[in-house]
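Taking it in order: structure first as structure tokens, then the write-up.
The values are calculated or read from the model by the stated rules, or taken from the named source; none is laboratory data. Every value quoted in this text rests on a predicted model; they were computed, and no experiment measured them. Glycine gets a Cβ as well: all are built from the backbone with ideal geometry, and neighbour counts include every protein chain shown. Protein only, heavy atoms only, side chains kept; ligands, DNA and RNA dropped before computing areas. Shrake-Rupley method; radii C 1.70, N 1.55, O 1.52, S 1.80 Å.
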Amino acid sequence: MNDQVTRVSRVNLLIDGSWTTGVGTFEVLDKFTNEIIAVADRASREQVDAAVASARRSFEQIRLDPQARYRMLMKAAELIESRREVLARTIVAEAGFPPSDANNEVGRAIQTFIVSAEEGKRISGEGIPIEGAPGQAHRMAFTIRVPRGVVCGITSFNSPLNMVAHKAAPALASGNTIVLKAPQATPMSAALLCQILLDAGVPPSHVNLIQGPGSELGQWLVENRDIAFFTFTGSTEVGKKIRSSVGLRPVALELGSIAATIVCDDADLERAASRCVQSGFRRAGQACTSIQRLYVHEDVMERFVPLLVDATRALKVGDPHDPKTDIGPMISEADARRAEEWVLEARAKGARVVEGGSRKGPLFYPTILTNVTAQMRVMCEEIFAPVLSIVPFRSFDEAVDAVNATPFGLATGVFTRDVMRAMNAARRLHVGVVHINEPSSSRVDLIPFAGVKDSGVGREGPKYAMQEMTEERLVTVSLS
């Protein structure tokens, strides 16, 4: 794929170092105008298998030392920066992000590559005190970490560049090769990133890119026994299918959520309101950690809700190509209609729409609900839209129990000035990530990121993903 965005681009497959056509094509649409901006190639089963075979041959034949991997990934980070404008413009068009979010996506991808490059130099095992065992004083033992082989990275539309970076950069930094499966809605950013990797000097067959219907390609990938490790971001339903299909091969699954944030009676309400609005509505609420459930202490409800509404009304909703826009379209008009239906359903059951609730094509305006119940879909299923449901609580225990009551457990934010309460929350909230005085979506790319329960298994974040992507091997040495 060219690194310039033309009116209609062609997004090829990358197999064995060559950009190639597929057995068919599908259209990529501008998420606001609905215009065709690219035609992407769809891979056949034979091409999927060829991509995996290419990655395996490259893993077996080309072993890069840590310094070589470091130089390539740092060069990739430089190239991402130098192509920032094209990348950001592509993200605006194919994902519907406004320029501020698109540029943030590019900046985060740069950081993901830099951190991966650095952490790749520090992969190590540990010393084992074998000599302390009876009769083993003549022996030494230690572990080493070795790459698994072919990593399969399957990504989602809601982070079209940085999510690909989080699959590719740690895999390459830890000595693996990779086959990337890009989402149909946003394949252009992944193709641009793969070209950057080639231009950075990564061995051509170390990186392979395929695209097409997830139900087809996903099944073909899990059936290919040459893939040693799967890293997937997407729905819990699909994640469970992958896990049940791969046998004993390891996986890292970053799955669904119904993310929550708690605002206590001693919180800095202005800070909490501004951050909760950004967390709930940025990227049109289409992040796994976007606030969906907002638990607010009943003593501060009357003060907090107006602050939240004012911050929401200050957001500009509309054309993501306009630099002044804060909230762009959802990934499709069908998804915006679904969000609208859920809100109307909640309203019919007694919920109050405090703000928003309207739709214009693929735009769904940031929405705040009160008077919701735990049985409403806006509360018990992942809406993946800019919809915040506010629930008052009386005791902190009540709020913690409510957060823990769903099958999911990805991230939760807690706004409080009470250190004891904050540490208690960290221990009791059954989630993978607890943010104190930040909302649920406060991820930084170098941190360990993982869910529990139906929100996934395994960890992301370069250092921690590399631990997943390598095997720990014990070595013993007899000295006599």
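Overview of results
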quantity	calculated
DSSP beta bridges in the chain [antiparallel fraction, %, rounded to 5]	40 percent
HN-Hα J in Hz across the stretch 362-376 - Karplus 6.51, -1.76, 1.60, θ = phi - 60°, x for Gly and Pro	x, 7, 10, 6, x, 10, 10, 10, 10, 6, 8, 10, 5, 8, 6
Built amide H within the under 5 Å cut-off of Leu180, gap 5+	Gly153, Asn208, Leu209, Ile210
In sequence order, calculated HN-Hα J values of the stretch 150-165 (Karplus, 6.51, -1.76, 1.60; Hz; x Gly/Pro)	8, 9, 9, x, 10, 10, 10, 6, 7, 8, x, 10, 5, 5, 5, 4
Pairwise FRET efficiency - Arg249 versus Thr25, Cβ, R0 = 35 Å, nearest 0.05	0.65
Shape of the stretch 401-449, Cα gyration tensor, a/c cut at 1.5	oblate
Potential extension, Arg417-Arg473 segment - 0.36 nm per residue separation minus Cα distance	15.6 nm
Solvent-accessible heavy-atom area per residue, rounded to whole Å², over the stretch 158-215 at 1.4 Å	13 Å²
Length gained when the stretch Gln61-Ser124 is fully extended (0.36 nm per residue, less Cα-Cα span)	20.4 nm
Diffusion constant of the stretch 222-277 at 25 °C, which comes from Stokes-Einstein with the Kirkwood Cα-pair radius and 0.890 mPa s, µm²/s	173 µm²/s
Of the GluC sites (Glu not before Pro) in the stretch 360-401, those whose Cβ has at most 16 other Cβ within 10 Å and which sit in DSSP loop	Glu381
Rounded percent of accessible protein surface that carbon and sulfur make up, the chain, 1.4 Å probe	50 percent
Phe364 long-range amide H proximity, modeled H, under 5 Å	Met330
Nearest-ten-degree value, helix 269-281 long axis tilted from longest Cα axis of the chain	60 degrees
Residue-by-residue Karplus 3J(HN,Hα) for the stretch 438-446, coefficients 6.51, -1.76, 1.60, Hz, glycine and proline x	9, x, 4, 9, 10, 6, 10, 5, 8
Descending semi-axes in whole angstrom, ellipsoid equivalent of the stretch 220-359, from the Cα gyration tensor	35, 19, 16
Helix-only mean residue ellipticity at 222 nm for the chain, each DSSP H run of n ≥ 4 adding -39500 (n - 2.57), per residue, nearest 500	-12000 deg cm²/dmol
Å² per residue, accessible surface of the stretch 246-405 at 1.4 Å	39 Å²
Crossing angle, helix 236-245 versus the chain [Cα axis fit, 0-90 degrees, rounded to tens]	20 degrees
Length added when fully stretched, Asp401-Asp226, from 0.36 nm per residue minus Cα-Cα	58.6 nm
Degrees separating the helix 84-95 axis from the principal Cα axis of the chain, which is the longest one	60 degrees
Three-way shape label, the stretch 306-375, alpha-carbon gyration tensor, a/c 1.5	oblate
Accessible area per residue, Å², the stretch 57-111 with all protein chains present, probe 1.4 Å	44 Å²
